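As structure tokens, the structure follows; a few thoughts come after it.
Read the figures in this text as sums done on the coordinates, not as results from a lab. For clarity, every value in this text was computed on a predicted model and none was experimentally measured. Heads up, the Cβs are rebuilt from the backbone with ideal geometry, glycines too, and the neighbour counts pull from every protein chain shown.
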Amino acid sequence: MTEFPAERAIEEAIARGAFDDLPGAGKPLHLTASYDPDWWAKSLLQREGISSGALVSSTIALRREADGFPESLAELGTEEAVRAVLADFNARVEADWRQPGIGKGAPIVARRVDVEEMVRAWSSLRRGSVGT
């Protein structure tokens, strides 16, 4: 027997057969991500079928979208289409500003994009890809 009470209790339970017939007996433990400090949260998301993208705040999603400009606009064929996408983006940013802040500290803020600057960048990008 061991000197630690918890280990002693476990050994006695094993001897009594208290751990026999437990659900999952004889099945692998799936400990592949046990080195990850967030393993529990990630496994919960996976079990519940929740996309990690669903957990990103709207502000962060808007900032990521803005980071993709003008490259993400390259497939648009007309300046009017580019302007429409950028106007929609700016409207969503302004709507995000009207949402109440959550938590302590300085809020994370998405910024509107300069439509004229982005149209010039899109145009330059399109000219570069047309020539290739």
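Quick notes on this one:
- Sole residue being surrounded by 14 or more Cβ atoms within 10 Å (Cβ to Cβ), touching a Pro at 6+ places or on another chain (Cβ under 9 Å) and either in a helix (DSSP H, G or I) or not acidic (Asp, Glu) (or both), chosen from Val85, Val119, Val93: Val119
- Cross-chain or 6+ apart pairs with Cβ under 9 Å, the stretch 75-101 first and under 19 Å from Gly128 (Cα atoms), then among the small types (Gly, Ala, Ser) and assigned to a helix (DSSP H, G or I): Leu76/Ala84; Glu79/Ser123; Val82/Ser123
- In the stretch 66-82, residue farthest from Ser124 (Cα to Cα) [restricted to those that are surrounded by fewer than 16 Cβ atoms within 10 Å (Cβ to Cβ) and not small (Gly, Ala, Ser)]: Asp67
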